[in-house]
Amino acid sequence: MIEINELEHGVTRVNSVELHYVTAGEGPPLVLLHGWPQTWYEWRNVIPELAEEYTLIAPDLRGMGDSETPVAGYDKDTVATDVRELVHHLGFGDELIALVGHDWGMPTAYAYAAQYRDEVRALAVLEAGLPGINEDEKRKLWHTRFHGVRDLPEQLVAGRERRYLSWFYRKGAYDPSAIDADARDEYVRCYSAPGGLRGGFEYYRAYETDAEHNREHAEEPLEMPVLALGGDASFGELPIRDMNAVATAVDGDVVDRAGHWIPEERPAYFIDRLTGFLEDTA
């Protein structure tokens, strides 16, 4: 089984942004999209086993991780196009992909599937909702409103990145030990880098644009199979509810003993559930 330190790292420019990405394994392409405040590294516990059956592509999304932090382009339609161009650059433009998105990776994965329907064979989403769809508690989250304010969050959090981000890793978890010291060091390294905070907060500042795009996409429901997972100690049924509003073939679970960080808190469950779903929909 492949070790994390044996993964292949690459950097390339697509859609006018330089993206860092990780690849591993052989087989059908499986694209893993992380969320905030994380990077591709959130998949570290599931990549080795998934790589035995799939070619994994795990990018750092624009503005996060070791990818470039441009001034604009944080609406999820644009971020999804970044990822699509990366997939094509890596030689998978003629193959159907399976797509997984967590947190902000969820609306990004949805935007990919909605814009490029003929290129996605299956979609799995975790622990987030879709702006503009079933609007209620998503808007009420305090950090969604705070991060959406221009410039102020950067001024208040700069120099306190570890303390600020650690609050989310603890409070969002059923098992706070799941994001260990090494993972926190990696995430804090990235979000403490020049532009790191801004890049992450820009995902929230694109909320209204994302809502408009999602309402337009939802006029034509997705027909590919969809798996939606929510942590019992976090979003619960919300991912399932939102995907049922935009897709016709949704399977879903509320995951017990999990909060927001399902691939880190319940990696064995996640691997089994995802691979079973992908096998059933092949």
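The values are calculated or read from the model by the stated rules, or taken from the named source; none is laboratory data. Worth saying up front: this structure is predicted, and the values here are computed from it rather than measured. In this analysis, Cβ positions are derived from the backbone assuming ideal geometry, glycine residues included, and neighbour counts consider all displayed protein chains.
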Open item on the list: Quick test of your reading of the structure: E220 fulfils all but one of (1) assigned to a loop (DSSP other than H, G, I, E, B); (2) touching a strand residue (DSSP E or B) at 6+ places or on another chain (Cβ under 9 Å). Name the failing condition by number.
Closed with: (2)
- [ ] For region 241-269, name all the residues that are crowded, with 21+ Cβ neighbours inside 10 Å and outside any strand (DSSP E or B).
- [x] D242, M243, V246, A258, G259, H260, W261, I262, P263, E264, E265, R266
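Of everything in region 137-183, what is among the acidic types (D, E) and out of contact with any Gly (no Cβ under 9 Å at 6 or more places or on another chain)? Give them in sequence order. Full working, then the answer.
Filtering region 137-183 down to residues among the acidic types (D, E) leaves 137, 151, 154, 161, 175, 180, 182.
Once the filter is applied, which keeps residues that are among the acidic types (D, E) and out of contact with any Gly (no Cβ under 9 Å at 6 or more places or on another chain), region 137-183 yields D151, E154, D180, D182.
Could we say that V87 is under 17 Å from D118 (Cα atoms), touching a residue at least 12 places away in the same chain (Cβ under 8 Å), in a helix (DSSP H, G or I) and more than 14 Å from the chain's Cα centre (by Cα) here?
Numbers: under 17 Å from D118 (Cα atoms): yes; touching a residue at least 12 places away in the same chain (Cβ under 8 Å): yes; in a helix (DSSP H, G or I): yes; more than 14 Å from the chain's Cα centre (by Cα): yes.
Yes: the conditions hold for V87.
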- [ ] Return yes when T108 is surrounded by 18 or more Cβ atoms within 10 Å (Cβ to Cβ), more than 11 Å from the chain's Cα centre (by Cα), assigned to a helix (DSSP H, G or I) and modelled with pLDDT of 95 or more and no when it is not.
- [x] no
TODO: State whether the residues of region 125-139 include one that is part of a helix (DSSP H, G or I) and under 27 Å from P194 (Cβ atoms).
DONE: no
Task: Of all residues making up region 208-240, the number that are in contact with a Gly (Cβ under 6 Å, 6 or more places away or on another chain) and in contact (Cβ under 8 Å) with a residue 24 or more places away in the chain - done: 10
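Considering each of R150, R160 in turn, give the residue that is charged (D, E, K, R) and either buried (at least 18 other Cβ atoms within 10 Å of the Cβ) or more than 23 Å from V17 (Cβ to Cβ) (or both).
Working: R150 fails: either buried (at least 18 other Cβ atoms within 10 Å of the Cβ) or more than 23 Å from V17 (Cβ to Cβ) (or both).
None of the other options fit; the residue is R160.
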TODO: Specify the residue that is modelled with the highest pLDDT; the eligible residues are those in region 132-147 that are surrounded by 12 or more Cβ atoms within 10 Å (Cβ to Cβ) and among the basic types (K, R).
DONE: R145
TODO: Report the residue count in region 156-197 for those that are over 12 Å from W36 (Cβ atoms), touching a residue at least 60 places away in the same chain (Cβ under 8 Å) and in a helix (DSSP H, G or I).
DONE: 3
- [ ] Could you list, in sequence order, all residues of region 66-111 that are in contact with a strand residue (DSSP E or B) (Cβ under 6 Å, 6 or more places away or on another chain) and small (G, A, S)?
- [x] S67, A98, G101, G105, A109
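Got a sec? Which of A98, A122, A113 is over 14 Å from the mean Cα position of the chain (by Cα) and at pLDDT 95 or above? Talk me through it step by step, then tell me what you get.
Values: A98 fails: over 14 Å from the mean Cα position of the chain (by Cα); A113 fails: over 14 Å from the mean Cα position of the chain (by Cα).
Selected residue: A122, the only one of A98, A122, A113 that is over 14 Å from the mean Cα position of the chain (by Cα) and at pLDDT 95 or above.
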